[in-house]
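Remarks on the structure that follows.
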Amino acid sequence: MKVHLEDLGDYPLPRHIVTVVKQVLREGLRVVNEAGAADSQDRSGLQRIARQRGRGVSTLNVAFVSEEEITKLNNAYRDKNSPTDVLSFPGASGLVCSLGDIVICSSVAAKQAEGYSHSLEREIAFLALHGLLHLLGYSHEEGEQGKETEAGNEMVNLQNKILESLGIVR
């Protein structure tokens, strides 16, 4: 699978972060595909998506954007007129089947990294992986009374497992 990264934001990212993002996304895909066959919810990552779309998935796009741009996207697609850290948009089938697009706001990520007292590299890696897992069908939506659902716990546990396996910790 090809991963296309584009920095359209107003917050310059160090070059090594691009390498880390690609590494995290590839590891995330590998782990989800390996876990898919054993998963009780019949989640099989790329194979499931490829079957749904009728061909193999070959691309994933990641864009780093400004707060202004992510606010526009958040308003248009989620009816929330405020910046957010990451959005993901499932791809469409065509000549080349795309898994989708992950859009990350670099400046929001930088603020969050500072707030959580960890590196920008860790925050960007987390957001890219978070977006990928959403594209693969994982959700972290809260259930009744604001409690995490079992599916939400599964997503959080998987994120932690993948990041830790790459030595990307808080």
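The values are calculated or read from the model by the stated rules, or taken from the named source; none is laboratory data. This structure is a prediction, so every number in the text was calculated from the model and none was measured. Cβ coordinates were reconstructed from backbone atoms using ideal geometry, including for glycine residues, and neighbour counts include every protein chain displayed.
What number goes with the only condition from (1) assigned to a helix (DSSP H, G or I); (2) at pLDDT 80 or above; (3) farther than 16 Å from Phe89 by Cα that Val169 does not pass?
(1)
With the condition kept exactly as written, say whether any residue in the stretch 73-91 is at pLDDT below 90 and either in contact with a helix residue (DSSP H, G or I) (Cβ under 9 Å, 6 or more places away or on another chain) or surrounded by 16 or more Cβ atoms within 10 Å (Cβ to Cβ) (or both).
Looking for residues that are at pLDDT below 90 and either in contact with a helix residue (DSSP H, G or I) (Cβ under 9 Å, 6 or more places away or on another chain) or surrounded by 16 or more Cβ atoms within 10 Å (Cβ to Cβ) (or both), one finds at least one in the stretch 73-91, hence yes.
Does Val18 count as in a helix (DSSP H, G or I), on the phi < 0 side of the Ramachandran plot, at pLDDT 85 or above and surrounded by fewer than 20 Cβ atoms within 10 Å (Cβ to Cβ)?
Spelling it out, Val18 is indeed in a helix (DSSP H, G or I), on the phi < 0 side of the Ramachandran plot, at pLDDT 85 or above and surrounded by fewer than 20 Cβ atoms within 10 Å (Cβ to Cβ).
Can you tell me which residues in the stretch 58-72 are buried (at least 17 other Cβ atoms within 10 Å of the Cβ), under 26 Å from Arg26 (Cα atoms) and not hydrophobic (A, V, I, L, M, F, W, C)?
Answer for the stretch 58-72, where residues must be buried (at least 17 other Cβ atoms within 10 Å of the Cβ), under 26 Å from Arg26 (Cα atoms) and not hydrophobic (A, V, I, L, M, F, W, C): Asn61, Ser66.
State all residues of the stretch 149-166 that are at pLDDT below 85 and either among the hydroxyl-bearing types (Ser, Thr, Tyr) or in contact with a strand residue (DSSP E or B) (Cβ under 6 Å, 6 or more places away or on another chain) (or both); if no residue qualifies, say none.
Within the stretch 149-166, Thr149 is the sole residue that qualifies.
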